[in-house]
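For reference, the structure discussed in these notes is given below.
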Amino acid sequence: MKEITLEELAAFMKEQGFVYPGSEIYGGLANSFDFGPLGVELKNNVKKAWWEKFVKQSRYNVGLDSSILMNKEVWVATGHITSFNDPLIDCKKCKSRYRADKLIEDFTNGEITGDGMSNDDLVKYLYDHKVVCPNCGALDYTDIRKFNLMFKTHQGVLEDNKNEVYLRPETAQGIFVNFKNIQRTTRKKVPFGVGQVGKSFRNEITPGNFIFRVREFEQMELEFFCKPGTEIEWFQYWRKYCFDFLLSLGVKEDKLRYRDHDPEELAFYSNATTDIEFKFPWGFGELWGIASRTDYDLKAHQTHSGEALDYLDPTDNSKYIPYVVEPSVGVERVLLTVMFSAYDEEELTKADGSKDVRTVLHLHPVLAPYKVAILPLIKKNHADKALELFDLYSKYFTCVYDETANIGKRYRRQDAIGTPYAICVDDETLANNTVTVRNRDTMEQVTMSVDEVIPYIQEKLVF
Ligand code: ATP
(Lines give C-alpha, C1' and ligand atoms only; values in the text may rest on other atoms or scores of the structure.)
Protein backbone atom coordinates (compact mmCIF):
# COMPACT_ATOMS: atom_id res chain seq x y z
CA MET A 1 0.00 0.00 0.00
CA LYS A 2 1.51 3.30 -1.09
CA GLU A 3 1.35 6.07 1.54
CA ILE A 4 0.80 9.20 -0.50
CA THR A 5 1.69 12.64 0.90
CA LEU A 6 -0.84 15.47 1.06
CA GLU A 7 1.03 17.40 -1.64
CA GLU A 8 1.09 14.35 -3.93
CA LEU A 9 -2.60 13.76 -3.39
CA ALA A 10 -3.47 17.41 -4.10
CA ALA A 11 -1.40 17.31 -7.31
CA PHE A 12 -3.01 14.02 -8.34
CA MET A 13 -6.51 15.35 -7.68
CA LYS A 14 -5.84 18.45 -9.73
CA GLU A 15 -4.32 16.49 -12.59
CA GLN A 16 -7.24 14.08 -12.79
CA GLY A 17 -9.94 16.74 -12.49
CA PHE A 18 -11.12 16.14 -8.93
CA VAL A 19 -10.18 19.43 -7.26
CA TYR A 20 -8.81 22.66 -8.73
CA PRO A 21 -7.54 25.70 -6.84
CA GLY A 22 -10.36 28.30 -6.77
CA SER A 23 -10.24 31.35 -9.11
CA GLU A 24 -6.95 30.05 -10.50
CA ILE A 25 -6.70 32.26 -13.59
CA TYR A 26 -6.85 35.32 -11.31
CA GLY A 27 -4.05 34.05 -9.11
CA GLY A 28 -6.43 32.09 -6.90
CA LEU A 29 -8.29 32.88 -3.71
CA ALA A 30 -6.45 31.47 -0.71
CA ASN A 31 -7.78 28.13 0.46
CA SER A 32 -10.74 28.03 -1.89
CA PHE A 33 -11.22 25.04 -4.14
CA ASP A 34 -13.45 24.02 -7.02
CA PHE A 35 -14.58 20.46 -7.56
CA GLY A 36 -13.98 19.36 -11.14
CA PRO A 37 -15.89 16.81 -13.23
CA LEU A 38 -14.67 13.87 -11.15
CA GLY A 39 -14.73 15.75 -7.85
CA VAL A 40 -18.36 16.78 -8.18
CA GLU A 41 -19.37 13.17 -8.84
CA LEU A 42 -17.34 11.90 -5.89
CA LYS A 43 -18.65 14.62 -3.59
CA ASN A 44 -22.25 13.97 -4.63
CA ASN A 45 -21.71 10.27 -4.02
CA VAL A 46 -20.34 10.90 -0.51
CA LYS A 47 -23.43 12.98 0.27
CA LYS A 48 -25.73 10.39 -1.32
CA ALA A 49 -24.15 7.59 0.74
CA TRP A 50 -24.63 9.60 3.94
CA TRP A 51 -28.23 10.40 3.01
CA GLU A 52 -28.90 6.71 2.30
CA LYS A 53 -27.69 5.58 5.71
CA PHE A 54 -28.71 8.53 7.88
CA VAL A 55 -32.02 9.48 6.30
CA LYS A 56 -33.45 7.17 3.65
CA GLN A 57 -32.64 3.82 5.26
CA SER A 58 -33.19 5.01 8.82
CA ARG A 59 -36.33 4.03 10.69
CA TYR A 60 -36.00 7.14 12.82
CA ASN A 61 -34.84 10.00 10.66
CA VAL A 62 -36.20 12.46 8.12
CA GLY A 63 -34.47 15.13 6.03
CA LEU A 64 -34.42 18.91 5.72
CA ASP A 65 -32.93 21.58 3.47
CA SER A 66 -32.99 24.88 5.35
CA SER A 67 -31.71 28.33 4.36
CA ILE A 68 -28.12 29.47 4.65
CA LEU A 69 -29.24 32.97 5.66
CA MET A 70 -31.24 33.01 8.87
CA ASN A 71 -32.70 35.62 11.19
CA LYS A 72 -29.82 37.18 13.14
CA GLU A 73 -31.61 36.35 16.40
CA VAL A 74 -30.88 32.66 15.75
CA TRP A 75 -27.19 33.37 16.30
CA VAL A 76 -27.86 35.59 19.30
CA ALA A 77 -29.82 32.74 20.92
CA THR A 78 -27.14 30.13 20.30
CA GLY A 79 -24.33 32.36 21.51
CA HIS A 80 -22.53 32.29 18.17
CA ILE A 81 -22.40 36.09 17.93
CA THR A 82 -20.71 36.43 21.29
CA SER A 83 -18.69 33.26 21.51
CA PHE A 84 -18.10 31.51 18.19
CA ASN A 85 -14.52 32.66 18.44
CA ASP A 86 -11.10 31.22 17.91
CA PRO A 87 -8.12 32.27 20.03
CA LEU A 88 -5.98 34.30 17.67
CA ILE A 89 -2.31 34.81 18.57
CA ASP A 90 0.60 36.38 16.66
CA CYS A 91 4.31 35.79 16.86
CA LYS A 92 5.76 39.21 17.72
CA LYS A 93 9.00 38.46 15.93
CA CYS A 94 7.94 37.20 12.49
CA LYS A 95 4.25 38.28 12.64
CA SER A 96 2.98 34.79 11.80
CA ARG A 97 -0.62 34.32 12.91
CA TYR A 98 -1.91 31.21 14.68
CA ARG A 99 -4.79 29.65 16.54
CA ALA A 100 -3.34 29.19 20.02
CA ASP A 101 -5.20 25.89 20.56
CA LYS A 102 -3.92 24.50 17.25
CA LEU A 103 -0.31 25.42 18.15
CA ILE A 104 -0.69 23.20 21.21
CA GLU A 105 -2.46 20.47 19.26
CA ASP A 106 0.32 20.35 16.66
CA PHE A 107 3.02 20.52 19.35
CA THR A 108 1.55 17.50 21.16
CA ASN A 109 0.74 15.57 17.97
CA GLY A 110 -2.95 15.84 18.70
CA GLU A 111 -2.70 14.55 22.28
CA ILE A 112 -3.83 17.89 23.75
CA THR A 113 -6.39 19.82 21.71
CA GLY A 114 -6.81 22.99 23.74
CA ASP A 115 -10.59 22.47 23.70
CA GLY A 116 -12.07 23.79 26.91
CA MET A 117 -8.87 25.71 27.90
CA SER A 118 -9.26 29.38 28.80
CA ASN A 119 -7.09 31.98 27.06
CA ASP A 120 -4.92 32.23 30.17
CA ASP A 121 -4.47 28.43 30.20
CA LEU A 122 -3.50 28.46 26.53
CA VAL A 123 -0.85 31.18 27.00
CA LYS A 124 0.52 29.50 30.11
CA TYR A 125 0.80 26.19 28.25
CA LEU A 126 2.66 27.83 25.36
CA TYR A 127 5.27 29.39 27.67
CA ASP A 128 5.53 26.52 30.19
CA HIS A 129 6.14 23.97 27.45
CA LYS A 130 8.18 26.27 25.24
CA VAL A 131 5.89 25.92 22.24
CA VAL A 132 7.90 28.15 19.91
CA CYS A 133 6.67 29.81 16.72
CA PRO A 134 6.77 27.08 14.02
CA ASN A 135 7.96 29.68 11.52
CA CYS A 136 10.86 31.46 13.28
CA GLY A 137 11.44 29.59 16.53
CA ALA A 138 10.78 32.59 18.82
CA LEU A 139 8.83 32.30 22.06
CA ASP A 140 7.33 35.76 22.05
CA TYR A 141 3.60 35.99 21.43
CA THR A 142 1.00 38.75 21.55
CA ASP A 143 -1.97 38.40 23.88
CA ILE A 144 -4.79 36.21 22.61
CA ARG A 145 -7.61 38.06 20.85
CA LYS A 146 -11.00 36.55 20.21
CA PHE A 147 -11.80 36.30 16.54
CA ASN A 148 -15.40 35.64 15.50
CA LEU A 149 -15.56 33.07 12.70
CA MET A 150 -18.88 34.07 11.16
CA PHE A 151 -19.01 35.79 7.79
CA LYS A 152 -21.22 38.84 7.97
CA THR A 153 -23.10 40.42 5.09
CA HIS A 154 -26.19 42.56 4.52
CA GLN A 155 -29.61 41.63 3.25
CA GLY A 156 -31.46 44.16 1.11
CA VAL A 157 -30.32 47.54 -0.14
CA LEU A 158 -29.29 49.20 3.13
CA GLU A 159 -25.98 48.27 4.64
CA ASP A 160 -26.85 49.10 8.24
CA ASN A 161 -26.95 47.13 11.48
CA LYS A 162 -30.57 46.19 11.06
CA ASN A 163 -29.90 44.40 7.80
CA GLU A 164 -26.92 42.39 8.99
CA VAL A 165 -27.09 38.68 8.31
CA TYR A 166 -24.58 35.89 8.71
CA LEU A 167 -23.65 32.99 6.49
CA ARG A 168 -24.43 30.00 8.68
CA PRO A 169 -21.36 28.46 10.35
CA GLU A 170 -23.19 25.13 10.77
CA THR A 171 -26.33 23.57 9.34
CA ALA A 172 -27.64 22.42 12.74
CA GLN A 173 -29.58 25.56 13.67
CA GLY A 174 -31.87 25.21 10.65
CA ILE A 175 -32.95 21.90 12.16
CA PHE A 176 -33.54 23.26 15.68
CA VAL A 177 -35.64 26.20 14.53
CA ASN A 178 -37.79 23.80 12.48
CA PHE A 179 -38.19 21.23 15.28
CA LYS A 180 -41.87 22.03 15.85
CA ASN A 181 -42.71 22.20 12.13
CA ILE A 182 -41.09 18.86 11.44
CA GLN A 183 -42.53 17.07 14.45
CA ARG A 184 -46.03 18.35 13.68
CA THR A 185 -46.00 17.69 9.93
CA THR A 186 -44.39 14.25 10.07
CA ARG A 187 -46.15 13.22 13.31
CA LYS A 188 -42.81 11.67 14.32
CA LYS A 189 -42.57 10.54 17.91
CA VAL A 190 -39.44 11.01 20.00
CA PRO A 191 -36.93 9.44 19.44
CA PHE A 192 -36.48 10.76 15.93
CA GLY A 193 -33.80 12.59 14.02
CA VAL A 194 -33.48 15.20 11.29
CA GLY A 195 -30.64 15.08 8.80
CA GLN A 196 -29.35 17.88 6.64
CA VAL A 197 -26.54 18.34 4.12
CA GLY A 198 -25.46 21.79 3.10
CA LYS A 199 -22.90 24.56 2.91
CA SER A 200 -21.42 26.16 5.98
CA PHE A 201 -19.00 29.06 6.20
CA ARG A 202 -16.33 29.85 8.76
CA ASN A 203 -13.74 32.59 8.48
CA GLU A 204 -11.01 30.25 9.72
CA ILE A 205 -7.83 31.91 11.00
CA THR A 206 -5.61 29.10 9.81
CA PRO A 207 -7.22 27.26 6.93
CA GLY A 208 -5.00 24.70 5.29
CA ASN A 209 -4.02 21.12 4.67
CA PHE A 210 -5.68 21.28 1.25
CA ILE A 211 -9.45 20.72 1.64
CA PHE A 212 -9.22 19.65 5.31
CA ARG A 213 -9.83 23.13 6.70
CA VAL A 214 -11.49 25.57 4.33
CA ARG A 215 -13.72 28.60 4.79
CA GLU A 216 -16.56 27.34 2.64
CA PHE A 217 -17.44 23.69 3.16
CA GLU A 218 -20.31 21.28 3.39
CA GLN A 219 -21.59 19.53 6.45
CA MET A 220 -23.71 16.43 6.92
CA GLU A 221 -25.45 16.82 10.26
CA LEU A 222 -27.98 14.81 12.18
CA GLU A 223 -29.85 16.17 15.18
CA PHE A 224 -31.34 13.23 16.99
CA PHE A 225 -34.07 14.09 19.51
CA CYS A 226 -34.59 11.72 22.44
CA LYS A 227 -36.11 11.56 25.88
CA PRO A 228 -33.93 12.95 28.69
CA GLY A 229 -32.22 10.05 30.41
CA THR A 230 -31.87 8.01 27.20
CA GLU A 231 -29.30 10.29 25.55
CA ILE A 232 -26.16 8.37 26.52
CA GLU A 233 -27.57 5.17 25.06
CA TRP A 234 -28.33 7.01 21.79
CA PHE A 235 -24.96 8.71 21.89
CA GLN A 236 -23.29 5.29 21.99
CA TYR A 237 -25.57 4.09 19.19
CA TRP A 238 -24.69 6.96 16.81
CA ARG A 239 -21.01 6.93 17.78
CA LYS A 240 -20.75 3.34 16.52
CA TYR A 241 -23.09 3.94 13.58
CA CYS A 242 -20.81 6.73 12.27
CA PHE A 243 -17.67 4.62 12.67
CA ASP A 244 -19.30 1.68 10.87
CA PHE A 245 -20.45 3.99 8.09
CA LEU A 246 -16.85 5.06 7.45
CA LEU A 247 -15.70 1.43 7.38
CA SER A 248 -18.47 0.57 4.92
CA LEU A 249 -17.11 3.28 2.60
CA GLY A 250 -13.72 1.61 2.63
CA VAL A 251 -11.98 3.95 5.08
CA LYS A 252 -8.99 2.12 6.55
CA GLU A 253 -9.80 0.91 10.06
CA ASP A 254 -6.20 1.07 11.26
CA LYS A 255 -6.22 4.83 10.51
CA LEU A 256 -9.39 5.57 12.45
CA ARG A 257 -9.78 6.13 16.15
CA TYR A 258 -12.32 7.41 18.63
CA ARG A 259 -11.16 10.29 20.80
CA ASP A 260 -13.49 10.61 23.77
CA HIS A 261 -13.43 14.05 25.36
CA ASP A 262 -12.33 14.20 29.00
CA PRO A 263 -14.91 15.72 31.38
CA GLU A 264 -12.91 18.96 31.71
CA GLU A 265 -12.74 19.28 27.94
CA LEU A 266 -16.50 19.00 27.39
CA ALA A 267 -18.48 22.05 26.31
CA PHE A 268 -20.58 23.22 29.29
CA TYR A 269 -23.82 21.92 27.73
CA SER A 270 -22.48 18.50 26.71
CA ASN A 271 -22.47 15.36 28.84
CA ALA A 272 -20.54 13.24 26.30
CA THR A 273 -18.53 14.04 23.17
CA THR A 274 -16.36 11.92 20.92
CA ASP A 275 -14.40 12.82 17.83
CA ILE A 276 -13.75 10.17 15.24
CA GLU A 277 -10.28 10.96 13.98
CA PHE A 278 -8.38 9.87 10.90
CA LYS A 279 -4.63 9.56 10.64
CA PHE A 280 -3.73 12.09 7.94
CA PRO A 281 -0.12 12.50 6.79
CA TRP A 282 0.28 15.37 9.30
CA GLY A 283 -1.20 13.38 12.19
CA PHE A 284 -4.64 12.55 13.58
CA GLY A 285 -7.31 15.10 12.69
CA GLU A 286 -11.01 15.42 13.53
CA LEU A 287 -13.26 13.89 10.96
CA TRP A 288 -16.56 13.55 12.79
CA GLY A 289 -17.77 15.19 15.99
CA ILE A 290 -20.47 13.32 17.92
CA ALA A 291 -21.90 15.22 20.87
CA SER A 292 -24.65 14.66 23.38
CA ARG A 293 -25.87 18.27 23.70
CA THR A 294 -28.63 17.83 26.32
CA ASP A 295 -31.52 20.29 25.77
CA TYR A 296 -29.17 23.25 25.30
CA ASP A 297 -30.14 24.20 21.74
CA LEU A 298 -33.91 23.82 21.91
CA LYS A 299 -34.01 25.50 25.31
CA ALA A 300 -31.96 28.44 24.06
CA HIS A 301 -34.32 28.91 21.10
CA GLN A 302 -37.38 28.53 23.30
CA THR A 303 -36.11 31.18 25.72
CA HIS A 304 -35.00 33.60 23.04
CA SER A 305 -37.89 33.23 20.58
CA GLY A 306 -40.66 32.86 23.14
CA GLU A 307 -42.02 29.87 21.19
CA ALA A 308 -42.65 26.69 23.18
CA LEU A 309 -40.38 23.91 21.88
CA ASP A 310 -41.34 21.22 24.33
CA TYR A 311 -42.80 17.87 23.45
CA LEU A 312 -45.74 15.98 24.90
CA ASP A 313 -44.74 12.34 25.07
CA PRO A 314 -47.81 10.20 24.31
CA THR A 315 -46.19 7.12 25.90
CA ASP A 316 -46.47 8.55 29.43
CA ASN A 317 -48.01 12.02 28.98
CA SER A 318 -44.82 13.67 30.23
CA LYS A 319 -43.79 17.03 28.80
CA TYR A 320 -40.14 17.83 28.19
CA ILE A 321 -37.67 19.53 25.92
CA PRO A 322 -36.01 16.67 24.05
CA TYR A 323 -32.32 16.00 24.50
CA VAL A 324 -30.16 15.97 21.38
CA VAL A 325 -27.37 13.80 20.07
CA GLU A 326 -25.52 15.43 17.17
CA PRO A 327 -23.18 13.60 14.80
CA SER A 328 -21.65 16.28 12.55
CA VAL A 329 -19.17 15.66 9.74
CA GLY A 330 -17.66 17.62 6.86
CA VAL A 331 -18.08 16.36 3.31
CA GLU A 332 -14.61 17.51 2.26
CA ARG A 333 -12.99 15.70 5.18
CA VAL A 334 -14.78 12.45 4.35
CA LEU A 335 -13.76 12.86 0.73
CA LEU A 336 -10.12 13.36 1.71
CA THR A 337 -10.24 10.34 4.03
CA VAL A 338 -11.75 8.19 1.32
CA MET A 339 -9.07 9.28 -1.17
CA PHE A 340 -6.22 8.54 1.26
CA SER A 341 -7.73 5.11 1.89
CA ALA A 342 -8.31 4.31 -1.79
CA TYR A 343 -5.10 5.51 -3.44
CA ASP A 344 -2.49 2.93 -4.31
CA GLU A 345 0.40 2.36 -6.64
CA GLU A 346 0.57 -1.37 -7.32
CA GLU A 347 3.54 -3.23 -8.68
CA LEU A 348 2.55 -5.66 -11.42
CA THR A 349 4.49 -8.36 -13.22
CA LYS A 350 3.91 -8.36 -16.96
CA ALA A 351 3.64 -11.51 -19.13
CA ASP A 352 7.33 -11.18 -20.09
CA GLY A 353 8.36 -11.01 -16.42
CA SER A 354 9.15 -7.29 -16.40
CA LYS A 355 7.77 -5.02 -13.65
CA ASP A 356 5.22 -2.30 -14.05
CA VAL A 357 3.37 0.04 -11.69
CA ARG A 358 -0.26 0.99 -11.96
CA THR A 359 -2.00 3.79 -10.08
CA VAL A 360 -5.35 2.63 -8.84
CA LEU A 361 -8.08 4.16 -6.71
CA HIS A 362 -9.84 1.37 -4.86
CA LEU A 363 -12.97 3.46 -4.32
CA HIS A 364 -16.14 1.73 -3.21
CA PRO A 365 -18.37 1.44 -6.33
CA VAL A 366 -21.02 3.69 -4.73
CA LEU A 367 -18.41 6.44 -4.39
CA ALA A 368 -16.64 5.99 -7.72
CA PRO A 369 -17.25 9.02 -9.99
CA TYR A 370 -17.93 6.73 -12.95
CA LYS A 371 -19.31 3.26 -12.40
CA VAL A 372 -18.57 1.98 -15.89
CA ALA A 373 -16.16 2.95 -18.66
CA ILE A 374 -17.25 2.05 -22.18
CA LEU A 375 -14.31 1.46 -24.45
CA PRO A 376 -14.49 0.53 -28.13
CA LEU A 377 -11.58 -1.79 -28.94
CA ILE A 378 -11.01 -0.19 -32.36
CA LYS A 379 -12.54 3.21 -32.83
CA LYS A 380 -13.49 2.93 -36.50
CA ASN A 381 -15.12 -0.49 -36.07
CA HIS A 382 -16.69 -0.33 -32.62
CA ALA A 383 -17.38 3.30 -31.71
CA ASP A 384 -20.99 3.35 -32.96
CA LYS A 385 -21.97 0.32 -30.94
CA ALA A 386 -20.06 1.58 -27.89
CA LEU A 387 -21.84 4.95 -28.03
CA GLU A 388 -25.16 3.17 -28.34
CA LEU A 389 -24.32 1.28 -25.14
CA PHE A 390 -23.22 4.52 -23.46
CA ASP A 391 -26.66 6.00 -24.19
CA LEU A 392 -28.35 2.92 -22.77
CA TYR A 393 -26.23 2.34 -19.64
CA SER A 394 -25.97 5.99 -18.63
CA LYS A 395 -29.73 5.90 -17.92
CA TYR A 396 -28.93 3.44 -15.10
CA PHE A 397 -25.53 4.55 -13.75
CA THR A 398 -22.85 7.15 -14.44
CA CYS A 399 -20.68 6.10 -17.37
CA VAL A 400 -17.72 7.48 -19.24
CA TYR A 401 -16.83 6.87 -22.87
CA ASP A 402 -13.23 6.80 -24.05
CA GLU A 403 -11.98 5.99 -27.53
CA THR A 404 -8.47 7.46 -27.43
CA ALA A 405 -5.18 5.49 -27.09
CA ASN A 406 -4.75 1.73 -26.95
CA ILE A 407 -7.03 -0.37 -24.77
CA GLY A 408 -4.36 -1.12 -22.15
CA LYS A 409 -3.71 2.58 -21.58
CA ARG A 410 -7.42 3.27 -21.34
CA TYR A 411 -7.86 0.58 -18.67
CA ARG A 412 -5.05 2.18 -16.66
CA ARG A 413 -6.63 5.60 -16.97
CA GLN A 414 -9.86 4.24 -15.54
CA ASP A 415 -7.99 2.43 -12.73
CA ALA A 416 -6.42 5.74 -11.74
CA ILE A 417 -9.78 7.50 -11.39
CA GLY A 418 -11.41 4.60 -9.60
CA THR A 419 -13.85 3.34 -12.27
CA PRO A 420 -14.73 -0.12 -10.92
CA TYR A 421 -15.82 -1.66 -14.23
CA ALA A 422 -14.63 -1.24 -17.81
CA ILE A 423 -16.51 -2.64 -20.77
CA CYS A 424 -14.71 -3.44 -23.96
CA VAL A 425 -16.81 -3.35 -27.12
CA ASP A 426 -15.29 -5.51 -29.88
CA ASP A 427 -16.17 -7.79 -32.84
CA GLU A 428 -17.86 -10.22 -30.44
CA THR A 429 -20.24 -7.45 -29.42
CA LEU A 430 -21.21 -6.84 -33.05
CA ALA A 431 -21.56 -10.55 -33.80
CA ASN A 432 -23.03 -11.97 -30.55
CA ASN A 433 -24.17 -8.98 -28.52
CA THR A 434 -21.66 -9.76 -25.74
CA VAL A 435 -19.11 -7.57 -23.99
CA THR A 436 -16.21 -8.19 -21.63
CA VAL A 437 -16.45 -6.53 -18.23
CA ARG A 438 -13.11 -5.88 -16.53
CA ASN A 439 -12.90 -5.56 -12.76
CA ARG A 440 -10.64 -2.68 -11.63
CA ASP A 441 -9.34 -4.42 -8.50
CA THR A 442 -8.73 -7.95 -9.77
CA MET A 443 -8.22 -6.95 -13.44
CA GLU A 444 -10.18 -10.08 -14.35
CA GLN A 445 -12.57 -10.01 -17.27
CA VAL A 446 -15.90 -11.76 -17.63
CA THR A 447 -17.99 -12.03 -20.76
CA MET A 448 -21.72 -11.39 -20.61
CA SER A 449 -24.53 -10.30 -22.85
CA VAL A 450 -25.16 -6.60 -23.31
CA ASP A 451 -28.41 -6.86 -21.33
CA GLU A 452 -26.86 -8.70 -18.39
CA VAL A 453 -24.56 -5.75 -17.71
CA ILE A 454 -27.35 -3.62 -16.21
CA PRO A 455 -28.36 -5.96 -13.33
CA TYR A 456 -24.70 -7.00 -12.88
CA ILE A 457 -23.62 -3.41 -12.18
CA GLN A 458 -26.78 -2.38 -10.34
CA GLU A 459 -26.25 -5.15 -7.83
CA LYS A 460 -22.81 -3.75 -6.98
CA LEU A 461 -24.34 -0.36 -6.24
CA VAL A 462 -26.69 -1.55 -3.50
CA PHE A 463 -25.43 0.15 -0.34
P1 ATP B 1 -12.01 21.89 14.22
O2 ATP B 1 -11.66 21.63 15.67
O3 ATP B 1 -11.27 21.03 13.23
O4 ATP B 1 -12.02 23.36 13.86
P5 ATP B 1 -14.74 21.84 15.00
O6 ATP B 1 -14.68 21.03 16.25
O7 ATP B 1 -14.86 23.32 15.08
O8 ATP B 1 -13.52 21.45 14.04
P9 ATP B 1 -17.43 21.21 14.41
O10 ATP B 1 -17.94 22.55 14.71
O11 ATP B 1 -17.69 20.11 15.37
O12 ATP B 1 -15.88 21.28 14.08
O13 ATP B 1 -17.94 20.81 12.95
C14 ATP B 1 -18.34 19.50 12.62
C15 ATP B 1 -17.55 18.95 11.46
O16 ATP B 1 -17.56 19.86 10.35
C17 ATP B 1 -16.08 18.71 11.74
O18 ATP B 1 -15.88 17.48 12.41
C19 ATP B 1 -15.49 18.71 10.36
O20 ATP B 1 -15.65 17.44 9.73
C21 ATP B 1 -16.34 19.74 9.63
N22 ATP B 1 -15.65 21.04 9.60
C23 ATP B 1 -15.64 21.98 10.57
N24 ATP B 1 -14.93 23.06 10.19
C25 ATP B 1 -14.47 22.79 8.94
C26 ATP B 1 -13.68 23.52 8.00
N27 ATP B 1 -13.22 24.74 8.27
N28 ATP B 1 -13.39 22.93 6.81
C29 ATP B 1 -13.87 21.70 6.52
N30 ATP B 1 -14.62 20.97 7.37
C31 ATP B 1 -14.93 21.50 8.56
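At 222 nm, what value in deg cm²/dmol follows for the chain if DSSP H runs of at least 4 each add -39500 (n - 2.57) and the sum is divided by all its residues, to the nearest 500? Write out the running numbers ahead of the final one.
Values: 15 runs with 148 residues, N = 463.
Calculated mean residue ellipticity at 222 nm is -9500 deg cm²/dmol.
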Pull out a ≥ b ≥ c, the square roots of the eigenvalues of the alpha-carbon gyration tensor of the stretch 370-458, then state rounded if a/c is under 1.5, prolate if not and a/b is larger than b/c, and oblate in the remaining case.
rounded
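Roll a 1.4 Å probe over the protein chains and send me the accessible area per residue for the chain in Å².
Values: 22030 Å² over 463 residues.
Ligands and nucleic acids excluded, the figure is 48 Å² per residue.
How many percent of the accessible area of the chain is carbon or sulfur, using a 1.4 Å probe?
50
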Please list, in chain and number order, the residues 5+ apart from Tyr141 or on another chain whose amide H is under 5 Å from its amide H, with Hs placed from the backbone.
Lys92
Which of the listed residues, Leu363, Ile276, Ala300, is farthest toward the dipole's positive end in the chain, when Lys, Arg count +1 and Asp, Glu count -1 at the beta-carbon?
Ala300
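In what sequence, highest mean first, do 151-157, 212-218, 371-377, 105-111 appear when ranked by Cβ atoms within 10 angstrom? Can you show the working numbers first?
Details: 151-157: 11.1, 212-218: 19.3, 371-377: 24.9, 105-111: 15.4.
Ranked from most to least packed, the peptides come out as 371-377, 212-218, 105-111, 151-157.
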Net charge over other residues, Cβ less than 11 angstrom from the Cβ of Glu111 (K, R count +1; D, E count -1):
-1
One can check that the equivalent ellipsoid of the chain, built from the alpha-carbon gyration tensor with semi-axes equal to the square roots of five times its eigenvalues, has lengths in Å, largest first, of 44, 29, 21
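If you place +1 on the Cβ of every Lys and Arg, -1 on the Cβ of every Asp and Glu, and leave all else neutral, what size is the dipole of the stretch 370-458 about its Cα centre, to the nearest 20 Debye? Walk me through the intermediate numbers first.
Details: 11 positive and 13 negative charges, 79 e Å.
About 380 debye.
Normalised by the residues of the stretch 96-244, what does the relative contact order come to in percent, with Cα pairs under 8 Å and at least six apart?
Numbers: 161 pairs, mean separation 26.2, N = 149.
Dividing the mean separation by the residue count of the stretch 96-244 yields 18 percent.
Pull up the DSSP beta bridges for the chain and report the antiparallel fraction as a percent, rounded to 5.
Numbers: 70 of 82 bridges.
For the chain, the DSSP antiparallel bridge percentage is about 85.
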For Gln155 paired with Ser67, estimate the spin-label separation in nm (one decimal), with each label point 7 Å from Cα along the Cα-to-Cβ line.
0.4
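Normalised by the residues of the stretch 370-458, what does the relative contact order come to in percent, with Cα pairs under 8 Å and at least six apart?
30
Sorted by packing (mean other beta-carbon atoms within 10 Å per residue), highest first, where do 421-428, 175-182, 258-265 land?
On the way: 421-428: 20.9, 175-182: 19.2, 258-265: 13.0.
The peptides rank, most packed first, as 421-428, 175-182, 258-265.
What is the extension gain from Ser118 to Asn381, computed as 0.36 nm multiplied by their sequence separation minus the C-alpha to C-alpha distance, in nm to one decimal?
Details: separation 263, 0.36 × 263 = 94.68 nm, distance 7.17 nm.
Computed gain between Ser118 and Asn381 is 87.5 nm.
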Scanning the chain, every Cys lacking a C-beta partner under 4.7 angstrom -> Cys226, Cys242, Cys399, Cys424
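To the nearest 20 Debye, how big is the dipole of the chain about its Cα centre, given +1 on the beta carbon of each Lys and Arg and -1 on that of each Asp and Glu?
On the way: 58 positive and 71 negative charges, 141 e Å.
Magnitude of the dipole: close to 680 debye.
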Report ³J(HN,Hα) in whole Hz for each residue of the stretch 256-271, in order, from the Karplus equation J = 6.51 cos²θ - 1.76 cosθ + 1.60 where θ = phi - 60°; Gly and Pro get x.
10, 8, 8, 10, 6, 6, 5, x, 6, 8, 5, 4, 4, 8, 9, 10
Just need the relative contact order of the chain here, percent rounded to a whole number, with Cα pairs under 8 Å and 6+ apart.
13
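The values are calculated or read from the model by the stated rules, or taken from the named source; none is laboratory data. Treat the numbers as computed from the prediction; the structure is a model and nothing was measured. We place every Cβ from the backbone using ideal geometry, glycine too, and count neighbours over all the protein chains shown. Just so you know, the surface numbers come from the protein's heavy atoms only, side chains and all, with ligands and any DNA or RNA stripped out. Shrake-Rupley method; radii C 1.70, N 1.55, O 1.52, S 1.80 Å.
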